[in-house]
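Structure, as structure tokens:
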Amino acid sequence: MPKQDGKNRREKGKLTIIAGPMFSGKTGKLVAMVDVFTRMGHHVLTVKPSFDTRYGNRKEIHSHDHKTTQALVIDGEVPDEILQKILMIHADKIIFDEVQFFDKKKVIKVIKELKKRGMHVIVAGLLYDYQRRPFGATSDLLGLADERLELFAICQKCGSLARHSERMHGGKGQVDVGAADKYIAVCEKCHKIYQ
Ligand code: ADP
Ligand code: MG
């Protein structure tokens, strides 16, 4: 592989976004990317916000169909922690799962900085919360991205393509971390706002 000088590295910075509702396959796709990139010889760093306490708060991302890969757990309020870690492990591919749980302004700033340093940043996140309102930084990052992939789940009420996550149990706050215990995937027509 040709050695990259500073200028080339900067030109190679890229942002890829994978957006979709819960159960649409975002985490599964990230796990596949880590596997393929690693076999290609890249240094991949996967991060997730400490807010995501599903699956026993383990240091991994974990898909609903149980595909996993190691991850660094970062405080969503201080995503800049990642900048020091990256220098230590010489990562060139940086993956963020559940990007909507990071502080919006700070995570956008960090992602822009990583891109400027020539890194390929891949983020996955929910575009909408359970009330169909924009969720965290995801829609802004969609606008900034060089590559965009929108995934759909299957509507658990009618079988159409689902863009939304419907809360079935839990609180009324924007964030109430859960999986199939609290949420189902639904299409726009079937979606009901949890009361
Ligand atoms: P995400 O990270 O987008 O929440 P995951 O990659 O963790 O998605 O999980 C995707 C998996 O969820 C699918 O491969 C499937 O096994 C499972 N699944 C459960 N409910 C649904 C649904 N309504 N539509 C599609 N897949 C579903
Ligand atoms: Mg996921």
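Can you give the relative contact order of the chain as a percent, counting alpha carbon pairs under 8 Å and 6+ residues apart?
28 percent
When Ser139, Ser63, Ser165 are ordered from fewest to most other Cβ atoms inside 10 Å of their Cβ, what list results? Each step should come with its number before you reach the end.
On the way: Ser139 16, Ser63 19, Ser165 25.
Result, fewest neighbours first: Ser139, Ser63, Ser165.
Could you give the nm distance between label points at Lys85 and Glu150, where each point is 7 Å from its Cα heading toward the beta carbon?
The modelled label-to-label distance comes out at 3.0 nm.
For Tyr55 and Ala179, compute 0.36 nm times the residue count separating them, minus their Cα-Cα distance, and round to one decimal in nm.
Stretched fully, the Tyr55-Ala179 segment lengthens by 43.7 nm.
In deg cm²/dmol and to the nearest 500, what is the mean residue ellipticity at 222 nm of the chain if only DSSP H runs of at least 4 residues count, each as -39500 (n - 2.57), divided by the residue total? Please report the intermediate quantities before stating the final value.
Values: 5 runs with 49 residues, N = 195.
The helix contribution divided over the chain gives -7500 deg cm²/dmol.
Could I have the simple spin-label model distance between Asp65 and His169, label points 7 Å from Cα toward Cβ, reported in nm to one decimal?
2.5 nm
What angle do you read, to the nearest 10 degrees and between 0 and 90, between the alpha-carbon axis of helix 104-116 and the longest principal axis of the chain?
30 degrees
What shape does the range 54-144 have by the C-alpha gyration tensor, where a ≥ b ≥ c are the square roots of the eigenvalues, rounded means a/c under 1.5, and otherwise prolate means a/b greater than b/c and oblate the rest? Numbers along the way, then the final one.
Details: a/c = 1.76, a/b = 1.10, b/c = 1.60.
Here the range 54-144 falls in the oblate category.
With angles folded into 0 to 90 degrees, how steeply does helix 26-39 sit against the dominant principal axis of the chain? Use alpha carbons for both and round to 10.
Between the helix axis and the principal axis of the chain, the angle is about 20 degrees.
Values in this text are rule-based calculations from the coordinates and carry no lab data. Bear in mind the structure is a predicted one, so any value in this text is a computation, not a measurement. All Cβ positions, even for glycine, are placed from backbone atoms using ideal geometry, and neighbour counts span all protein chains on display.
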